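Asker: Here it is, the structure, as structure tokens.
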Amino acid sequence: MGFKKWNRLLFLLVWYISGSFHKAAAQQTPVAQDFVVIGNDIGIKSVSSSGLTSIFRGKYSSWSNSQSAIIVLPSKKNPSAGLVALFLYKTSITGMQKFWLSQVFQGRSNAPSFLDSDEEIIDYVEKNPGAIGIIRKASVSSKLNPNRIILITN
Amino acid sequence: MRVPLKISLLKEFIKRSSIGCFLFFITLGAKAQKPETHFNGFGHLDFSYQPADSSNSSFSLGEHDFFITSKLNKNISFLGEYVFRYNPGSATTFLPSIERSLVKINYTGNHSVIAGKIHTPVNYWNDVYHHGRLFFPTIDRPIAFSYLIPLHTLGVQLQGQNLGKLNWGYDVFTGNGISSNDAGKKGMNFSWGTSIHFKPNDYTRIGASFYSDFISNNRAGVHSGHNSNPSHYTGPLYNKKVDFKLACLSIAHFGNRYELLSESSFNTTRTDSLGVAQNFSSFLYTGYVINEKHTPYLLVDYLKVDKKDLYTYPLELLKTGLGYKYEFNHLILVKSQVEYLFELHDHKDHGAHNNLLFKLQLAYGF
């Protein structure tokens, strides 16, 4: 009886682990064309995909024009969060949040601003010089100042 | 009479210069701005079970960490880490301590000057994990943290990070060292050190460091995990000067599938009585990330303190362990660990002996 019970428990554990693995693998990988990067007075007009990843991983404390770098990201409530996490951090929303919690705890980066909607990200970047944010292409509206768009090159 | 006068003049000069520099930097480019302050908390609850001696099995409340960051203006930020931890000397058996309290001035690009109490950046673990059990890959710190590693420095630090294509980083620091406390120290000798690292990709960091301190009376203050009255040593305690040097090498890789952390330290202590002692420690962690929730891992941790050492006193420990980490999300996780500690030196009470331990840790942050 005991042996059967343990077998059943082991089976459930393996099923659970492999199930969550397949769930992660099933997600579609987003590409640069799915997003629009916006910046306010950050001294650059275009950025490569790899450069973009570096920026959003906190590589720069300040921009070449001496503006302090402010990273703006979608929060868990923002529908863009999962896609942005996968595109920039190759992980889930939780993985992205874990990365930033660790960076801030190390004292190596200032905390990014996590905002609940792409509209809020557009508004925040517009009001804060040095801010850089990323939104889904589908969220681009007339509210977005075209001068804020940073071109993503390959 | 001349020497004390010179020292007091020098102290006064340093004091005034420091205040002047600090005020200069504070006003430099400062534009009135509302401070942006963030508060976080971290804590952990532990359980350990020792089959050979079940009287040593218990739950315990771990360190509780209050963490603050604040952006004071566009170039200046503050970071504070205040910990409540077990202390048998307290009426409640818990006492608060300041673990980090620093002002960081980003003076250009990715270069900063830091003033305050820092975690001495001698290796990856001490520079990255600090007191956050939520971030530790294993339940405990490497053994060397209780003996060789100077955990904190109270002083100034120059820091550079993410420089060039390989993301080079450097730290140069000086301050009150091992024998001091947060209120100050006696004498004019300061600890100093330097470290360098690079990140060949987003998941890997390789670094090396050198640290030097002169411990005038061989007493550890609050900046070291070392205890001046070691439980493993029964001989007479040495209370004269010790010249302490430490070199460390760290290799860290935390990828989406594999995790590896190797921390090695080589330490020498020189005393007038027994000359130079050479100590060594090595910690190796490897983890396999099944997915973002499940990570089984292995660890091996070794420390050898030379028979001529009068700072840590002779000691040889080997720990091997097998563990499993389950992350509910980025704010809470559980680690379980089975470990075997080989005490290869003669123990004060029992002679050489070995311990099998089962440990559980619930670590959280908010």
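The values are calculated or read from the model by the stated rules, or taken from the named source; none is laboratory data. None of the values given here were measured: they were computed from a predicted structure. Note that we place each Cβ from the backbone using ideal geometry, even for glycine, and neighbour counts take in every protein chain shown.
Asker: Can you work out which of the residues in the range B:239-250 that are buried (at least 18 other Cβ atoms within 10 Å of the Cβ) and closer than 22 Å to B:Ile215 by Cβ is modelled with the lowest pLDDT?
Answerer: Among those residues, the one meeting the criterion is B:Val242.
Asker: Could you please let me know if B:Leu79 is more than 8 Å from every other protein chain (Cβ to nearest Cβ), over 11 Å from the mean Cα position of the chain (by Cα), more than 30 Å from B:Gln278 (Cβ to Cβ) and of a type in the set (A, V, I, L, M, F, W, C)? First the steps, then the outcome.
Answerer: Values: more than 8 Å from every other protein chain (Cβ to nearest Cβ): no; over 11 Å from the mean Cα position of the chain (by Cα): yes; more than 30 Å from B:Gln278 (Cβ to Cβ): yes; of a type in the set (A, V, I, L, M, F, W, C): yes.
It is false that B:Leu79 is more than 8 Å from every other protein chain (Cβ to nearest Cβ), over 11 Å from the mean Cα position of the chain (by Cα), more than 30 Å from B:Gln278 (Cβ to Cβ) and of a type in the set (A, V, I, L, M, F, W, C).
Asker: Can you name the residue in the range B:251-294 that is over 24 Å from the mean Cα position of the chain (by Cα) and in a strand (DSSP E or B) and, of all such residues, is surrounded by the most Cβ atoms within 10 Å (Cβ to Cβ)?
Answerer: Pass one, the range B:251-294, residues over 24 Å from the mean Cα position of the chain (by Cα): B:256-258, B:271-276, B:288-294.
Right, trim to in a strand (DSSP E or B) and you get B:258, B:271, B:275-276, B:288, B:294.
Details: B:Tyr258: 12, B:Thr271: 19, B:Gly275: 9, B:Val276: 13, B:Tyr288: 12, B:His294: 17.
Applying the filter and picking the extreme gives B:Thr271.
Asker: Return only the number of the condition from (1) within 14 Å of chain A (Cβ to nearest Cβ); (2) farther than 11 Å from B:Ile118 by Cβ that B:Tyr147 does not satisfy.
Answerer: (1) is the only condition that B:Tyr147 fails.
Asker: State whether the residues of the range B:158-180 include one that is assigned to a strand (DSSP E or B) and in contact (Cβ under 8 Å) with a residue 60 or more places away in the chain.
Answerer: no
Asker: A follow-up question, please. I'm checking my understanding of the structure. Among residues of the range A:77-91 that are surrounded by fewer than 20 Cβ atoms within 10 Å (Cβ to Cβ) and within 9 Å of chain B (Cβ to nearest Cβ), which one is nearest to B:His330 (Cα to Cα)?
Answerer: Ranking the candidates gives A:Thr91 first.
Asker: Does B:Phe136 satisfy being under 30 Å from B:Lys293 (Cα atoms) and either more than 14 Å from every other protein chain (Cβ to nearest Cβ) or free of Cβ contacts under 8 Å to residues at least 24 places away in the same chain (or both)?
Answerer: Numbers: under 30 Å from B:Lys293 (Cα atoms): yes; either more than 14 Å from every other protein chain (Cβ to nearest Cβ) or free of Cβ contacts under 8 Å to residues at least 24 places away in the same chain (or both): no.
Answer is no for this residue.
Asker: How about the range A:92-117: which of its residues are within 7 Å of chain B (Cβ to nearest Cβ) and not in a helix (DSSP H, G or I)? Let's see the steps before the verdict.
Answerer: Let us first name the residues in the range A:92-117 that are within 7 Å of chain B (Cβ to nearest Cβ), namely A:92, A:94-95, A:97-98, A:101-102, A:104-108, A:110-111.
Within the range A:92-117, A:Ser92, A:Gly107, A:Arg108, A:Asn110, A:Ala111 qualify.
Asker: Any chance the range B:152-169 includes a residue that's within 30 Å of B:Tyr340 (Cα to Cα), away from chain A (no Cβ under 14 Å) and in contact with an Asp or Glu (Cβ under 7 Å, 6 or more places away or on another chain)? Before the answer, list the steps.
Answerer: We begin by selecting, within the range B:152-169, every residue within 30 Å of B:Tyr340 (Cα to Cα); these are B:152.
Adding the requirement that they be away from chain A (no Cβ under 14 Å) leaves none.
Within the range B:152-169, not a single residue is within 30 Å of B:Tyr340 (Cα to Cα), away from chain A (no Cβ under 14 Å) and in contact with an Asp or Glu (Cβ under 7 Å, 6 or more places away or on another chain).
Asker: In the set B:Tyr203, B:Tyr170, which member is under 19 Å from the mean Cα position of the chain (by Cα) and closer than 18 Å to A:Gly58 by Cα? Break it down into steps so the answer makes sense when it comes.
Answerer: Working: B:Tyr203 fails: under 19 Å from the mean Cα position of the chain (by Cα).
Checking each option against the conditions leaves just B:Tyr170.
Asker: Condition test on B:Gly160, is it surrounded by 18 or more Cβ atoms within 10 Å (Cβ to Cβ) and modelled with pLDDT of 95 or more? Walk me through how you get there before you give the answer.
Answerer: Values: surrounded by 18 or more Cβ atoms within 10 Å (Cβ to Cβ): no; modelled with pLDDT of 95 or more: yes.
Taking the combined requirement at face value, the residue does not satisfy it.
Asker: Okay, moving on. Within the range B:48-76, restricting attention to residues that are among the aliphatic types (A, V, I, L, M) and surrounded by fewer than 17 Cβ atoms within 10 Å (Cβ to Cβ), which residue is nearest to the other protein chains (Cβ to nearest Cβ)? Don't jump to the end; show me each part of the working.
Answerer: Going residue by residue through the range B:48-76, those that are among the aliphatic types (A, V, I, L, M) are B:52, B:61, B:68, B:72, B:76.
Keeping just the survivors that are surrounded by fewer than 17 Cβ atoms within 10 Å (Cβ to Cβ) gives B:52, B:61, B:68.
Numbers: B:Ala52: 26, B:Leu61: 21, B:Ile68: 11 Å.
For the range B:48-76, the residue satisfying everything is B:Ile68.
Asker: Follow-up question, since we're still on this one. Tally time: how many residues in the range A:137-148 are surrounded by 15 or more Cβ atoms within 10 Å (Cβ to Cβ) and in contact with a strand residue (DSSP E or B) (Cβ under 6 Å, 6 or more places away or on another chain)?
Answerer: Total meeting the criteria: 2.
Asker: Does any residue of the range A:8-29 turn out to be loosely packed, with under 12 Cβ neighbours inside 10 Å, at pLDDT 65 or above and under 30 Å from A:Leu52 (Cα atoms)?
Answerer: Taking every residue of the range A:8-29 in turn, at least one turns out to be loosely packed, with under 12 Cβ neighbours inside 10 Å, at pLDDT 65 or above and under 30 Å from A:Leu52 (Cα atoms).
Asker: Still on this structure, please answer the following. Could you grab me the full set of residues in the range B:82-101 that are among the aliphatic types (A, V, I, L, M) and away from chain A (no Cβ under 14 Å)? Break it down stepwise before answering.
Answerer: Residues of the range B:82-101 among the aliphatic types (A, V, I, L, M): B:83, B:91, B:95, B:98.
The answer is B:Ala91, B:Leu95, B:Ile98.
Asker: Across the range A:118-147, which residue is nearest to the other protein chains (Cβ to nearest Cβ) among those that are among the charged types (D, E, K, R) and under 17 Å from the mean Cα position of the chain (by Cα)? Can you show your working first?
Answerer: Filtering the range A:118-147 down to residues among the charged types (D, E, K, R) leaves A:118-120, A:123, A:126-127, A:136-137, A:143.
Those left that are additionally under 17 Å from the mean Cα position of the chain (by Cα): A:118-120, A:136-137.
Details: A:Asp118: 22, A:Glu119: 21, A:Glu120: 16, A:Arg136: 23, A:Lys137: 25 Å.
Ranking the qualifying residues of the range A:118-147, first place goes to A:Glu120.
Asker: Against the condition buried (at least 22 other Cβ atoms within 10 Å of the Cβ) and either in the same structural domain as B:Glu343 (by TED's automatic domain parsing) or within 15 Å of the chain's Cα centre (by Cα) (or both), how does B:Gly193 come out, does it pass? I'd like the intermediate steps shown before the answer.
Answerer: Working: buried (at least 22 other Cβ atoms within 10 Å of the Cβ): yes; either in the same structural domain as B:Glu343 (by TED's automatic domain parsing) or within 15 Å of the chain's Cα centre (by Cα) (or both): yes.
The answer is yes for B:Gly193.
Asker: Okay, moving on. Are any residues in the range B:101-120 more than 15 Å from B:Asn181 (Cβ to Cβ) and basic (Lys, Arg), and if so, which ones?
Answerer: B:Lys104
Asker: While we're looking at this one, here's another question. Being hydroxyl-bearing (Ser, Thr, Tyr), within 19 Å of B:Leu154 (Cβ to Cβ) and either part of a loop (DSSP other than H, G, I, E, B) or away from chain A (no Cβ under 11 Å) (or both) is the filter here, so list the residues in the range B:102-131 that pass it.
Answerer: Of everything in the range B:102-131, just one residue is hydroxyl-bearing (Ser, Thr, Tyr), within 19 Å of B:Leu154 (Cβ to Cβ) and either part of a loop (DSSP other than H, G, I, E, B) or away from chain A (no Cβ under 11 Å) (or both), namely B:Thr120.
Asker: Restricting the range B:290-329 to residues that are free of Cβ contacts under 8 Å to residues at least 60 places away in the same chain and of a type in the set (A, V, I, L, M, F, W, C), which is farthest from the other protein chains (Cβ to nearest Cβ)?
Answerer: Only one residue fits best here, namely B:Leu318.
Asker: Going through the range A:59-87 one residue at a time, which ones are over 14 Å from the mean Cα position of the chain (by Cα) and either in a loop (DSSP other than H, G, I, E, B) or over 26 Å from B:Asn110 (Cα atoms) (or both)? Let's see the steps before the verdict.
Answerer: First, the residues of the range A:59-87 that are over 14 Å from the mean Cα position of the chain (by Cα): A:59-69.
Listed by number, the residues that qualify are A:Lys59, A:Tyr60, A:Ser61, A:Trp63, A:Ser64, A:Asn65, A:Ser66, A:Gln67, A:Ala69.
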